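Worksheet for the structure shown next.
The values are calculated or read from the model by the stated rules, or taken from the named source; none is laboratory data. Worth saying up front: this structure is predicted, and the values here are computed from it rather than measured. Using ideal geometry, Cβ is built from the backbone for each residue, glycine included, and neighbour counts are taken over all protein chains shown. Only protein heavy atoms, including side chains, enter the accessible area calculation; ligands, DNA and RNA are left aside. Shrake-Rupley method; radii C 1.70, N 1.55, O 1.52, S 1.80 Å.
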Amino acid sequence: MPRAHADADANKTTMLDRDALSQLQGLKKEMESAKERAEAVIKGTQARYGFAVLDDGREVFVPPDEMLKAFSGDRVRVCIRPGSDDRPVAEIERLVDSPLDEFNGQCVRKGKALFVRPQLASLQRWLFLPPHARNGVKEGDYVRCAVLRHPIRDGRPQAKVLRVFGPAGTPGLENAYAMARHGLRVGWDSARERELAEHIKASDPLADSHRLDLTDLAFVSIDSARTQDIDDALYAETTTDGWILYVAIADPTAYIGADSPLLPLVTARACSAYFHGDVVPMLPEVLAQESCALTEDKTRPALVCKMAIADSGELRDFEFHEAAVRSRAKLSYFAVDKYLSGEQDSLMSYASPLEALYAAYRALAGDREAHGLAMEERREYRWQLDDKGQIEAIEPGEKLTSQRLVEACMVAANRCAARLLAEHSASGPFISHPGFRRDRADEIRQFLERNLPAQKDVDPQDLAGYRAIFRALAEPAGDLPLRAMVNRLLTRATLSTKPSPHMGMVLPVYTTCTSPLRRAVDFLAHLQLKAILHERKPDLVDGPMLEQVSAGLRAMRAATSEAERWLAANFLERRAAADPAPWPARIVHLSSSGFMARIDAWGLEGFVDLRKDPEKFSFDKWQATLTSKTRRFQLEAPVAVTLADIDREGDHLAHFEPAPGEGLV
């Protein structure tokens, strides 16, 4: 080929190459311009894919391969591009923050490798346990772990074992595992305890000149026989027109004041946690038991509420005092109940204060019956544990008169505390109960029109209206379980910095102050009451502080409930294996998915999932029923059940199934 032709062809080729390169570059720019980069939070699903939730609220699909790079809840940098079906797809480019740190789970084996299966609803994958991070763990052990290696680089996360709880059957496993899973603070830092012990030793609150000396009054404590952190003691005198009731309350704020560095630790713990066979105290033993508890024959600092109770049970005048008291005796609920019922006279030496207390209690109860609402009764059950911490037997029981007596005295003191805090515009703590859910106003109105037409015009958000509705619900009317049906329309009580009604108590304002050794709310109430007594502004409490207490209370309830469900599941499995006969039960909650049944003999509950039933059930909220072509289940109705299975990988909930022939119509 002549050189000129060759050069021409070469130039054409070069021009084509340049055109192609230019086109490729243009295409690349076009593709890049179609991409979007942003920060997002990863949201997992039950499947392998997930979503990236952008700050503007958009949710972008994350394919399975990309989901391997992150945990649900991670904040990441993503690149959003068009997918094959024009649906946006997010690719994870960089980890910004990962909130997952420690978690509970169980050690599992795959081949020769050990993994931890996390007990997290948001994390369905196993994490590899490298040999150097196993801490002696064995297959089947329940563990507490921490993330050792994040999967952002190669999709292969690793964990290290922090604590081994042991395999199923280990004594105390259920309680210890639940405490760790829900973040309960067990024990106190030794340095903090030493510091507190030295502070207590150097302090002498009984020498304070402003303390009233009430050691001549014959206070007695009435509590469980095993209780050591005794919060309160009682004394009463009969007057010409009623009674003078004294409630002496242990005073830990004599040692931990508003400016103490220990106060944030108290609010974070929120309360003492009572497990079957275990207690996690809110305060260190040196304070709760050795220095503040109203122990028999020990003179202790106390906050005393003195109340004038009329013959009618009306709570008249009251006053609070910082005082010194000396309990004459630690009496058990059982012994006091036997005395009050006339079954034994071993407490005759305390007859005068006990008779006055009993008379005052009856008057208070009568006043509540006349002007408030009687507490809804629920059968109580007492668990007996064996030496391995498992349920050996469950005995049904009723609340004792002595327990009701103490409860009435505590409520009276709490009412006085709330009134004093409200009168002085304190910033709390108040316990508010709005009653009916405001977002269910239309449904509440329909409920009244259908079932309580005489109450259809009352205001359910008003104290008088609420009381009228629940008084009407207490009267038998027709076949529907109206009192149980209304529960799903109610709210929970909350903590507040402002006084507001407690509908369930039918009170314009309420708080608690009688258990400062066991409850942070009561501890804070003491600090606020003392500020009033010393003519200071009661403004210690704020919203974030109460939210911290609320979070601690939620963690406590979650932990104790999980441990109880686990122990109950173990018990039910053993009983079902020994005798597969159906258990008589009652339906205590019902929804479109199924119902919860409570076994009559033991008070244990399990879920009946009717979504898995071959028949289709329809839910009628106005009749509180689940109905199919051949069967019908109604709230509060009896039902015989058998054990189907236990959700061991979830929250240990027992799953029941109706016995053959149950619910037939």
Quiz prompt | Hits in the stretch 334-374 (condition: outside any helix (DSSP H, G or I) and either of a type in the set (A, V, I, L, M) or under 19 Å from ASP311 (Cβ atoms) (or both)) | solution = LEU347, GLY372, LEU373, ALA374
Quiz item: Quick one: is PRO476 at pLDDT below 95 and either β-branched (Val, Ile, Thr) or farther than 14 Å from GLN623 by Cα (or both)?
Solution: yes
Practice problem: Would you mind finding the one in GLN124, GLN106 that is polar (S, T, N, Q), modelled with pLDDT under 95 and within 29 Å of the chain's Cα centre (by Cα)? | Solution: GLN124
Quiz item: Looking at (1) surrounded by fewer than 21 Cβ atoms within 10 Å (Cβ to Cβ); (2) farther than 30 Å from ALA178 by Cβ, which is the one condition that is false for VAL62?
Solution: (1)
Quiz item: Taking the stretch 152-198 as the search range and keeping residues that are of a type in the set (S, T, N, Q) and assigned to a helix (DSSP H, G or I), which one is modelled with the highest pLDDT?
Solution: ASN175
Exercise. Answer yes or no: is there a residue in the stretch 508-518 that is surrounded by fewer than 18 Cβ atoms within 10 Å (Cβ to Cβ) and more than 26 Å from ALA254 (Cβ to Cβ).
Key: yes
Self-check item: Subset tally (residues that are buried (at least 23 other Cβ atoms within 10 Å of the Cβ) and of a type in the set (A, V, I, L, M)) for the stretch 251-265
Solution: 2
Quiz item: Which ones in the stretch 103-160 are of a type in the set (A, V, I, L, M), open to solvent by 30 Å² or more (accessible area, probe 1.4 Å) and touching a Pro at 6+ places or on another chain (Cβ under 9 Å)?
Solution: VAL147, LEU148
Quiz item: Out of the stretch 539-550, which residues are open to solvent by less than 40 Å² (accessible area, probe 1.4 Å) and within 14 Å of ARG185 (Cα to Cα)?
Solution: VAL549
Practice problem: Kindly provide the set of residues from the stretch 452-467 that are over 10 Å from MET503 (Cα atoms) and open to solvent by 40 Å² or more (accessible area, probe 1.4 Å), ordered by number. | Solution: PRO453, ALA454, LYS456, ASP457, ASP459
Quiz item: Quick one: which of GLU443, GLU449 is surrounded by fewer than 17 Cβ atoms within 10 Å (Cβ to Cβ), in contact (Cβ under 8 Å) with a residue 40 or more places away in the chain and over 17 Å from GLY504 (Cα atoms)?
Solution: GLU443
Self-check item: Residue list for the stretch 217-239, restricted to those being open to solvent by 10 Å² or more (accessible area, probe 1.4 Å), assigned to a loop (DSSP other than H, G, I, E, B) and within 23 Å of MET348 (Cβ to Cβ)
Solution: LEU217, ALA218, SER224, ALA225
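Residue-wise test of (1) touching a Gly at 6+ places or on another chain (Cβ under 8 Å); (2) in a strand (DSSP E or B).
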{"residue": "HIS589", "(1), (2)": "no, yes"}
{"residue": "GLY603", "(1), (2)": "no, no"}
{"residue": "ARG611", "(1), (2)": "yes, no"}
{"residue": "PRO614", "(1), (2)": "no, no"}
{"residue": "LYS629", "(1), (2)": "no, no"}
{"residue": "THR642", "(1), (2)": "no, yes"}
{"residue": "GLY650", "(1), (2)": "no, no"}
Practice problem: Being in contact with a helix residue (DSSP H, G or I) (Cβ under 6 Å, 6 or more places away or on another chain) and small (Gly, Ala, Ser) is the filter; apply it to the stretch 569-615 and report the residue that is least open to solvent (accessible area, probe 1.4 Å). | Solution: GLY594
Quiz prompt | Top-ranked residue in the stretch 19-38 [being open to solvent by less than 60 Å² (accessible area, probe 1.4 Å) and within 16 Å of ARG81 (Cβ to Cβ); ranked as modelled with the lowest pLDDT] | solution = ALA34
Quiz item: Among the residues of the stretch 373-400, which ones are touching a strand residue (DSSP E or B) at 6+ places or on another chain (Cβ under 7 Å), under 16 Å from ASP600 (Cβ atoms) and without any contact (Cβ under 8 Å) to a residue 12 or more places away in the chain?
Solution: ALA393
Practice problem: Could you identify the single residue in PHE51, PHE71 that is surrounded by 14 or more Cβ atoms within 10 Å (Cβ to Cβ) and in a strand (DSSP E or B)? | Solution: PHE51
Quiz item: In this structure, does PHE320 turn out to be open to solvent by 70 Å² or more (accessible area, probe 1.4 Å), of a type in the set (Phe, Trp, Tyr) and either part of a helix (DSSP H, G or I) or at negative phi (or both)?
Solution: no
Practice problem: Would you check which residues across the stretch 406-438 are open to solvent by 10 Å² or more (accessible area, probe 1.4 Å), touching a residue at least 60 places away in the same chain (Cβ under 8 Å), in contact with a helix residue (DSSP H, G or I) (Cβ under 7 Å, 6 or more places away or on another chain) and part of a helix (DSSP H, G or I) and list them? | Solution: LEU420
Practice problem: For GLY504, work out the one condition from (1) more than 22 Å from VAL247 (Cα to Cα); (2) not in a helix (DSSP H, G or I) it doesn't fulfil. | Solution: (2)
